[in-house]
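The values are calculated or read from the model by the stated rules, or taken from the named source; none is laboratory data. A quick note: this is a predicted structure, and the numbers were derived from the prediction, not measured. So basically every Cβ, Gly included, is an ideal-geometry build from the backbone, and we count neighbours across all protein chains shown.
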Amino acid sequence: MSVSVLFVCLGNICRSPLAEAAFRQEAERLGLAVEIDSAGTGDWHIGEPPDHRARAIAQLKGAPIDHLRGRQLAEGDYYRFTHIYALDAENLANILARAPSDATAEIGLLLDCVPGRAGEPVADPYYGDEAGFEITWSDVSAAARALAERLATN
Ligand code: 4NP
């Protein structure tokens with residue numbers, strides 16, 4: 001079965017584009033054929049590029065995201081993707097609340113992929129400073145590595 005992964009946060013301009021980029025990097029490293037995308041539960045940033053601080057850290061880590069554009073989670077995503085990962089518990093609750101009853105995607109919390117970090121959120125860095133984006137990158141890359149390795153061995 002082909003695997004497709006959607007990362008979902010609130011605005012789709014900070015955390016989920018970074019999760020998308022980190023996971024693409026890991027999937028390429030392991031030679032995984034996987035479709036990867038990100039979306040937001042909110043609609044404020046539809047069509048916008050990622051936050052400049054997210055773009056800066058992604059560039060620094062060798063996974064540029066300047067080309068990405070914000071989009072909102074859509075009903076079709078629940079069928080198009082095999083896995084949907086929420087960046088925090090509020091996003092997860094929203095994703096589950098909007099899920100069609102016959103959704104086929106497996107829906108979960110991103111950091112549940114990381115041993116010892118189940119239930120933890122990837123904290124929203126939007127209202128903080130650049131240091132918060134380093135933490136975001138660290139969190140999403142730990143999850144990306146664990147997820148890619150799990151998918152590679154299944
Ligand atoms: P994200 O961060 O969910 O990681 O993309 C946010 C971006 C924008 C807003 C909130 C969080 N906002 O309120 O506009």
Residue check, L151 part of a helix (DSSP H, G or I) and either more than 16 Å from the ligand (Cβ to nearest atom) or not aromatic (F, W, Y) (or both): yes
Segment 31-49 residues that are assigned to a strand (DSSP E or B) and more than 14 Å from the ligand (Cβ to nearest atom), paired with ones that are of a type in the set (F, W, Y) and modelled with pLDDT of 95 or more (beta carbon under 7 Å, 6 or more apart): I36/F23
Residue in segment 109-125 that is in contact with a Phe, Trp or Tyr (Cβ under 9 Å, 6 or more places away or on another chain), surrounded by fewer than 21 Cβ atoms within 10 Å (Cβ to Cβ) and under 19 Å from K61 (Cα atoms) present: no
Options A103, A97, A144: the member that is among the aliphatic types (A, V, I, L, M), in a helix (DSSP H, G or I) and touching a Phe, Trp or Tyr at 6+ places or on another chain (Cβ under 8 Å): A144
Qualifying residue in segment 115-135 (condition: touching a strand residue (DSSP E or B) at 6+ places or on another chain (Cβ under 9 Å), part of a helix (DSSP H, G or I) and either within 16 Å of the ligand (Cβ to nearest atom) or within 17 Å of V34 (Cα to Cα) (or both)): no
